Structures are given as C-alpha cells and as structure tokens.
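First the structure, in the form of structure tokens, and then the observations on it.
Bear in mind these aren't lab numbers, they're just calculated from the coordinates by the rules spelled out. Just so it is clear, the model here is predicted, and its values are computed rather than measured. Positions of Cβ are backbone-derived with ideal geometry, glycine not excepted, and every protein chain shown enters the neighbour counts.
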Amino acid sequence: MRINTLWPSMKLGDAFEILTGNTPSTIEKKYYGNDVLFAKPPDLNNSLITSTGNFLSFEGANAARTVPAGSVLVSCIGILGKTGLLKNEGSFNQQINAIKPNNRAIPKFLFYQAQSPYFQRQLSELASATTVAIVNKSKFSSIEILLPAIDIQTRVVAKLDALFSDLDKSVACLKKAQEQLKVYRQAVLKAAFEADSSPKEETVELSEVCEIQRGKSKHRPRDDERLYGGIYPFIQTGDVRAANGGIIEKYTQTYSEFGIRQSKLWPKGTLCITIAANIADTGFLGFEACFPDSVVGLLPKSDRLRIEYLNYYIIANKDHLERLAPATAQKNINVNILERINFALPSLNYQDKAIEAIKHQFKAADQLEDNIGKAMSLTNIFRQSILKSAFEGRLI
C-alpha cells in the first residue's frame with residue numbers, strides 16, 4: 001500500500017521500548033486482586049482500556065511486566081493485531097506486546113497507527129507459519145512506523161477522533177436497533193404463549209409428550225485423541241448457541257469409530273437444548289450427530305405435539321428456565337427439571353397457526369437484522385478506509 005513518504009519512519013524497536021507480557025503464577029493467590037489492570041487478548045477491542053477481565057494485586061504487578069498509562073498493547077499470538085490503549089498503568093500476558101510511550105509520539109497516534117492497514121499488513125507478514133500465528137518481540141520490533149512531527153500527529157489524531165466519534169454514534173444506533181429486534185421477537189413469542197391468547201386443551205408435563213435424553217460422552221479423559229477425527233459430527237454447546245433456535249448446520253468436531261461407541265447418534269431434526277453454562281439455547285440437528293451431556297435431545301413421542309411449537313415455547317421461556325438452574329459456580333439444569341416442566345398444550349390447529357405466525361414475523365425481523373449486520377460490516381470497512389487515508393497523509 002502507498003504510505004506518506006514525506007513522513008519520516010523508523011523501526012518500532014528503534015523508536016520505542018517494546019515489552020512482551022507474562023503471567024504471574026496462578027498458584028500464588030496473593031498475586032491476584034483488584035489493584036492493577038491485567039490485560040489478555042479478549043480485553044483488546046481497539047479501544048481505550050479502562051477495565052480488564054482480571055486484575056492483579058500490587059504484589060502481583062511486581063511479578064509481572066507493568067507499563068505506564070498511554071502504552072499501546074497489541075495481541076501477537078493467535079488472533080493478531082487486536083489493540084488497546086491503557087488509560088492507567090497496567091500489566092498484560094505473554095500473548096501481548098506493549099509499546100511504551102515516549103516523547104517521539106502521541107500515544108493515541110501510535111494507537112491509531114497500530115490499527116491501520118499499513119501496520120496490520122506488516123504484522124501479518126511477520127507471523128510464524130505455524131498452526132497458531134505468532135509474532136515474537138524481535139519481529140514485532142522490526143515493524144516500520146511513521147513518525148511525523150508532533151504537531152502533525154496532533155492534527156491527525158484530532159481528525160481521526162472527530163471522524164470516529166461520528167462513526168461510533170452510527171454503530172451505537174445499529175446496536176440499539178439490534179437490541180430492539182430482540183425485544184420485538186420476545187413480544188411476538190409472548191403474544192403466542194400468553195394465557196389470554198393460546199387456547200389450552202390440557203396441561204401436561206413435558207415428559208408426557210416428549211422423549212428427553214442427555215447426550216452421551218462417557219469416556220474419560222474427554223480430550224483423549226482417540227475419540228476424535230472421524231466421520232460422525234459431534235455437536236457442542238457453542239454449535240447449538242450459534243444456531244439461535246434454527247437449524248444447526250455447522251460443527252467443529254467429529255467423533256471417530258472409537259468415539260461413537262461411547263456416545264449416541266441422534267437423528268436429523270432432533271431439538272437440542274443446552275443445559276450447562278448457557279441455559280436453554282436451542283437448535284435443530286441438520287444432520288445425524290452426537291453431542292455431550294451438556295446438551296439434551298428432545299424428540300416428540302406424541303402426535304399431539306409439534307416440535308417447532310415446543311422450540312418456540314422454550315425460547316419464550318428461556319429466562320424462566322435459567323432461574324430453575326441451581327445457584328452454583330456454573331449454572332446447569334438436569335433432565336428431571338425439564339421432564340417436570342408443566343407445558344400448556346393447545347390443539348394442533350392452534351400450534352400450526354402459531355408456528356406460521358411466528359415464522360412470518362421472525363422472517364421480517366431476520367431481514368432487518370441481516371441489513372443491520374451488513375451496515376455494521378460497512379462501518380468496519382469505513383474505519384479501515386479512514387485509517388488508510390490518515391497514514392497516507394490524505395486527512396490533513
């Protein structure tokens with residue numbers, strides 16, 4: 001890509017002190033507390049870092065590598081190029097390289113430059129050709145950066161701040177629209193299942209009309225390599241969640257012949273519901289598949305029930321099902337809880353009409369959500385275009 005050749009450039013390591021993070025021993029509980037930021041890649045979202053998922057104690061910070069406010073953090077293992085700008089002094093783990101600030105650059109100028117296509121392309125090209133992308137400190141230090149005069153940096157930052165402020169407002173509006181669609185979907189479901197609108201022929205326990213079984217994954221340890229790499233799809237909770245109540249079409253793991261012998265192959269069309277960590281996420285199998293005991297399979301055993309109607313009922317009552325989970329470190333519900341759920345079962349005619357009405361209204365919401373998603377993607381493209389222009393010297 002073209003850069004501004006009128007601006008002087010230097011190797012990153014020649015202009016700034018670069019540090020690779022580390023993790024204080026997790027065995028030493030005294031190292032962890034609420035005193036000092038401790039950043040990991042999930043904390044880097046191309047934004048100002050004001051809080052992190054974990055914090056160190058002051059003693060832990062002494063065992064870590066700590067950098068001052070204004071330091072730029074860049075993820076260099078796994079997902080490359082996620083950035084963050086420390087608001088306060090902080091530490092960071094070994095997946096991150098930090099650029100300590102000095103008088104050569106305004107911290108925010110470095111922060112924006114680290115997100116630019118110019119910087120990101122170099123980072124990608126330096127990555128080791130291994131299963132997990134890695135850019136070590138030495139390679140990271142070799143990245144060429146642009147260092148114009150401070151007054152130029154100030155003008156570039158001011159222009160980017162103004163443009164990104166407008167862009168962020170647009171993104172906030174799009175996110176608000178996404179949240180409103182969630183509310184709309186719940187309103188549609190409430191209308192279908194509230195007491196005044198759905199004629200009840202009878203109230204049954206779910207076990208009366210539905211076969212309910214946990215998935216099987218008996219072998220221990222669960223990470224035994226012999227279990228995996230075959231032809232049998234192995235669905236996990238994340239795959240169910242990604243289906244968002246629809247068809248499960250993708251999977252990331254398979255069972256071998258050894259794996260299938262200690263599990264069970266469920267038929268296409270099985271309604272899956274998660275019962276651990278994320279409670280009551282649902283999806284229909286789009287193919288025969290296995291799943292672990294953190295997922296339950298539901299199949300109708302009565303011609304009085306449309307399984308799609310049950311799926312919408314579960315989605316509508318997700319909050320209620322979550323409240324049934326015991327208050328433990330990791331929420332979970334068991335098969336017995338599901339079996340005893342009192343399920344108001346209307347006529348098949350009503351179920352069919354409700355399914356059709358929900359599908360029709362959800363289709364309109366899905367189209368709107370798709371358009372919002374496309375608009376969100378465009379904002380990301382626009383952001384990169386702005387950064388590209390900035391470091392080609394075309395914004396000022």
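For the stretch 234-303, the share of DSSP beta bridges that are antiparallel, to the nearest 5, is 75%. Within a straight-line Cα-Cα reach of under 19 Å, LYS159 can be paired with the following aspartates and glutamates, leaving aside sequence neighbours fewer than 8 residues apart in one chain: ASP151, ASP168, GLU392. In the chain, the calculated helix contribution to ellipticity at 222 nm averages -12500 deg cm²/dmol per residue, counting -39,500 (n - 2.57) for every DSSP H run with n ≥ 4. Summary value for the chain: 16 percent relative contact order, contacts being C-alpha pairs under 8 angstrom separated by 6+ residues. A DSSP coil position with no more than 13 other Cβ atoms inside 10 Å describes the following GluC sites (Glu not before Pro) in the stretch 138-237: GLU194, GLU201. Dimensions of the stretch 249-353 based on its C-alpha atoms, expressed as ranges along the principal axes with the largest first, amount to 44, 34, 22 Å.
Summing charges over neighbours of ILE235, with a neighbour being any other residue whose Cβ is under 14 Å away from its Cβ, gives +1 when K and R count +1 and D and E count -1. Taking Cβ atoms as reference points and 12 Å as the exclusive limit, the residues near GLU17 contribute a net charge of +3, counting Lys and Arg as +1 and Asp and Glu as -1.
For a modelled paramagnetic label at ASN342, 7 Å from Cα along Cα-to-Cβ, the residues of the stretch 203-222 in reach, with backbone nitrogen under 13 Å, are 203-206. Restricting the calculation to alpha carbons of the chain gives Rg and Dmax of 26.4, 79 angstrom. Residues whose amide H lies under 5 Å from that of LEU265, counting only those 5 or more places away or on a different chain, are absent; hydrogens are built 1.01 Å from N in the peptide plane. Summarising the amide proton neighbourhood of ILE106: residues at separation of 5 or more, or on other chains, whose placed amide H is nearer than 5 Å comprise an empty set. Size descriptors for the stretch 164-238: radius of gyration and Dmax over Cα atoms are 22.5, 57 Å.
Here each label is just a point 7 Å from Cα along the line to Cβ, and for VAL335 and LEU6 those points are 7.4 nm apart. When each of HIS320, HIS219 is scored by the number of other beta-carbon atoms lying within 10 Å, the sequence from fewest to most is HIS320, HIS219.
Sorting GLU59, GLU28 from the fewest to the most surrounding beta carbons within 10 angstrom yields GLU28, GLU59.
Can you pull out the GluC sites (Glu not before Pro) in the stretch 264-328 that DSSP calls coil and that have at most 16 other Cβ atoms within 10 Å? Loop-located and lightly packed - GLU288. The DSSP beta bridges internal to the stretch 202-345 are antiparallel in roughly 90% of cases.
Taking 7 Å steps out from each Cα toward its Cβ at ARG65 and ASN34 produces label points 2.9 nm apart. Annotation: amide H-H contacts under 5 Å for TYR232 (H modelled 1.01 Å from N, sequence separation of 5 or more, or interchain): TYR255.
Between the residues LEU189, GLY230, LEU123, the greatest Cα displacement towards the positive end of the dipole of the stretch 107-240, with unit charges on the Cβ of Lys, Arg, Asp and Glu, is found for LEU123. Residues with beta-carbon under 14 Å from that of ILE333, excluding ILE333: net charge, scoring Lys, Arg +1 and Asp, Glu -1? Result for the neighbourhood of ILE333: 0. Principal-axis analysis of the Cα atoms of the chain puts helix 150-193 at an angle of about 0° to the longest axis. Exposure proxy ranking for TRP266, TRP7, based on other Cβ atoms within 10 angstrom of each Cβ and starting from the fewest, stands as TRP7, TRP266.
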